[in-house]
Amino acid sequence: MGEKSGSRGGWFGWFIVLIVVAVIAVAIALTVKQKMHKNGSDFEAAPVPGPPGAVTQKYADALKTAMQFLEIQKAGKLVDNKISWRGDSALKDGSEARLDLSKGMYDAGDHIKFGFPMAFTATVLSWTILEYGDQMKVVNQLEPAQDSLKWITDYLINAHPSENVLYIQVGDPKADHACWDRPETMTGERPLTQLNTSAPGTEVAAETAAAMAAASLVFKSTDSEYSSLLLKHSKQLFTFADKYRKSYSVSIPNVQNFYNSTGYGDELLWAASWLYHATGERSYFEYVTGKNGEDFANWGSPTWFSWDNKLAGTQVLLSRVNFFGSKDVSSSNVLQKYRKSAEAVMCGLLPKSPTATASRTDNGLIWISDWNALQHPVASAFLAVVYSDYMLSSRTAKISCDGNNYRPSDLRKFALSQADYVLGNNPLKMSYLVGYGDKYPQYVHHRGASIPVDATTGCRDGFRWLKSDKPNPNVAIGALVGGPFRNESFIDSRNNSMQTEPSTYNSAVIVGLLSGLVTTSSVAQSFT
């Protein structure tokens with residue numbers, strides 16, 4: 001008995017040893033794997049996507065919805081109007097200068113045409129078409145996007161009647177905001193605001209140059225004459241912006257109350273980058289990689305992409321040259337600085353990155369500002385999906401964030417999280433994209449949407465519709481409203497313009513994001 005018992009004890013002892021050895025082996029394996037993950041040795045480049053693949057229906061539906069707000073915002077004599085409650089408006093805009101400035105788009109819930117954000121809208125819409133036109137075509141949204149873009153660029157061409165003159169605003173914001181009426185029946189004066197050599201505005205002229213250069217690429221294969229015209233205006237405006245350097249917020253102090261600029265260096269680099277893509281001319285490449293890059297690029301310091309700050313967008317756009325450009329330019333050390341800066345932006349967005357920004361809600365939405373809170377997360381997600389597709393299409397396996405490595409799929413996952421939050425995956429279970437889903441804002445701060453088509457109102461008596469406790473009689477389909485507060489609350493009230501007012505530049509970035517997510521495909525290595 002005793003001998004038998006000793007045998008069992010020996011077997012049990014060996015069993016314990018084996019378990020300990022196994023645990024040690026697993027621990028070693030996990031440590032090695034973690035180190036491999038950290039140094040990137042287990043990362044292999046994913047296959048390059050082919051033509052557009054299977055469509056993700058919810059993003060296709062959301063994209064179709066988002067595109068409609070650009071239709072709602074059109075001024076002028078409407079062609080093939082699909083919005084039942086909209087009609088012709090602002091037909092005499094520009095007449096005091098003998099110009100036709102009737103087209104373009106109202107920037108938000110009011111009736112002013114602000115050239116600075118309108119040009120940004122056109123630039124981002126162009127960028128979206130250039131990167132994701134094939135995907136937009138699959139879901140029948142390419143032509144509507146091109147049409148909306150041309151509605152803006154037609155206006156921008158007319159707003160630039162001579163080399164050093166650019167009309168940057170139609171309407172008086174103070175007088176406009178004293179009225180609550182439909183654009184079709186507005187009666188207030190529509191004064192013009194002009195940039196010239198005596199009152200220059202570098203950032204607006206440069207942003208308009210960027211818009212025209214980008215749009216020239218969009219129309220190059222379908223309307224070469226129009227494309228050449230856009231490029232001509234772009235070059236002239238860039239020269240004007242660069243030669244007469246002064247912020248429009250200084251030249252025209254009244255603009256500080258609405259679209260105040262924090263600087264013009266980012267717009268100069270942004271415009272030159274687009275002109276390089278549009279022309280291939282070495283001078284524009286040297287502009288962004290020479291002294292102007294040193295002065296304005298702020299390499300290594302991540303920023304937020306918006307109508308006011310284009311640095312992050314410029315860094316991603318120039319990364320494209322580093323990924324796909326010819327060897328003589330892609331090997332540039334300065335270009336590497338732009339790409340490293342773009343990767344710093346990406347690392348700040350990835351929630352598990354060591355350098356992840358803390359500026360987000362408890363449920364993961366990037367959150368920067370009370371006013372128009374959704375602009376920054378959607379714009380950031382757009383840049384993330386573009387950069388992830390550059391990585392995939394160039395077979396770049398990873399980016400490194402303070403020693404930790406991340407795949408293109410990690411960037412796409414972040415972009416998906418922001419899009420899904422906007423579309424209803426949030427604590428309120430509400431879509432912030434009007435017209436998408438079962439629950440969305442009903443009291444959008446938008447004059448045309450809030451006033452019945454058959455109502456007769458003047459300037460002042462229309463305010464009863466602003467104060468009405470009834471939902472908007474007209475649904476502003478596709479409007480991306482301002483969005484939630486930091487605590488993820490949202491007050492659906494017309495008087496709460498901070499949260500319920502939509503804008504065309506919000507539309508541009510949500511259209512860009514959804515176009516990138518609607519399906520997968522490789523990006524073109526060149527825009528030309």
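The values are calculated or read from the model by the stated rules, or taken from the named source; none is laboratory data. Everything numeric in this text was worked out from a predicted model, so none of it was measured. With ideal geometry, Cβ positions are generated from the backbone for all residues, glycine too; neighbour counts draw on all protein chains shown. Side chains are part of the model used for accessible areas, which takes the heavy atoms of the whole protein and leaves out ligands, DNA and RNA. Shrake-Rupley method; radii C 1.70, N 1.55, O 1.52, S 1.80 Å.
Worth a mention:
- Condition check for SER95: of a type in the set (Ser, Thr, Tyr), at pLDDT 95 or above and within 19 Å of ASP181 (Cα to Cα): no
- THR357 vs. criteria over 30 Å from ALA479 (Cβ atoms) and open to solvent by 10 Å² or more (accessible area, probe 1.4 Å): no
- In the condition set (1) farther than 14 Å from GLY201 by Cα; (2) touching a Leu at 6+ places or on another chain (Cβ under 9 Å), ARG320 is compliant with all but (2).
- Residue that is within 25 Å of ARG447 (Cβ to Cβ) and more than 18 Å from the chain's Cα centre (by Cα), where the choices are ALA205, ALA159: ALA159
- Search result, residues across the range 498-521 that are under 17 Å from ALA145 (Cα atoms), in a loop (DSSP other than H, G, I, E, B) and out of contact with any Ser or Thr (no Cβ under 8 Å at 6 or more places or on another chain): SER503
- Any hit, the range 259-268, residues being among the hydrophobic types (A, V, I, L, M, F, W, C) and surrounded by 18 or more Cβ atoms within 10 Å (Cβ to Cβ): yes
- Of all residues making up the range 305-320, the number that are among the small types (Gly, Ala, Ser) and under 10 Å from TYR338 (Cβ atoms): 1
- Tally, over the range 146-162, of residues that are closer than 26 Å to THR520 by Cα and open to solvent by less than 30 Å² (accessible area, probe 1.4 Å): 2
- From VAL481, VAL475, VAL434, residue being open to solvent by 30 Å² or more (accessible area, probe 1.4 Å), at pLDDT 95 or above, under 17 Å from GLU71 (Cα atoms) and not polar (S, T, N, Q): VAL475
- Scan of the range 375-399 for residues that are open to solvent by less than 10 Å² (accessible area, probe 1.4 Å), among the hydrophobic types (A, V, I, L, M, F, W, C) and farther than 20 Å from TYR338 by Cβ, ordered by number: VAL378, ALA381
- Scanning the range 70-93 for residues that are open to solvent by 100 Å² or more (accessible area, probe 1.4 Å) and among the acidic types (Asp, Glu) yields a count of 1.
- Criterion: closer than 20 Å to CYS401 by Cβ, within 22 Å of the chain's Cα centre (by Cα) and open to solvent by less than 30 Å² (accessible area, probe 1.4 Å) - qualifying residue of SER319, SER301, SER306: SER319
Every residue, every condition in (1) open to solvent by 10 Å² or more (accessible area, probe 1.4 Å); (2) part of a helix (DSSP H, G or I); (3) in contact (Cβ under 8 Å) with a residue 60 or more places away in the chain; (4) under 30 Å from PHE463 (Cα atoms), yes or no:
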{"site": "LEU130", "(1), (2), (3), (4)": "yes, yes, yes, no"}
{"site": "PRO144", "(1), (2), (3), (4)": "yes, yes, yes, no"}
{"site": "SER198", "(1), (2), (3), (4)": "yes, no, no, no"}
{"site": "ALA209", "(1), (2), (3), (4)": "no, yes, yes, no"}
{"site": "SER228", "(1), (2), (3), (4)": "yes, yes, no, no"}
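- Residues that are of a type outside the set (Asp, Glu) and open to solvent by 10 Å² or more (accessible area, probe 1.4 Å) do not occur anywhere in the range 507-519.
- Of the helices (runs of 4 or more DSSP H) that lie entirely inside the range 242-299, those containing 2 or more residues that are under 24 Å from GLN336 (Cα atoms) and either modelled with pLDDT of 95 or more or of a type in the set (Gly, Ala, Ser) (or both) span 265-279, 282-289, 291-296.
- Residues (assigned to a loop (DSSP other than H, G, I, E, B) and surrounded by fewer than 24 Cβ atoms within 10 Å (Cβ to Cβ)) located in the range 485-497: PHE485, ARG486, ASN487, GLU488, SER489, PHE490, ILE491, ASP492, SER493, ASN495, ASN496
- Some residue of the range 163-181 being open to solvent by 30 Å² or more (accessible area, probe 1.4 Å) and in contact with a Cys (Cβ under 8 Å, 6 or more places away or on another chain): yes
- Hits in the range 110-120 - residues which are part of a helix (DSSP H, G or I) and within 24 Å of CYS179 (Cβ to Cβ): GLY115, PHE116, PRO117, MET118
- Members of the range 182-191 found to be open to solvent by less than 30 Å² (accessible area, probe 1.4 Å) and either over 20 Å from SER148 (Cβ atoms) or assigned to a loop (DSSP other than H, G, I, E, B) (or both), listed by number: ARG182
- Flag for THR279 being open to solvent by 10 Å² or more (accessible area, probe 1.4 Å) and among the β-branched types (Val, Ile, Thr): yes
- Of ASP402, ASP420, ASP362, ASP370, all but one fail to be on the phi > 0 side of the Ramachandran plot and open to solvent by 10 Å² or more (accessible area, probe 1.4 Å); the exception is ASP402.
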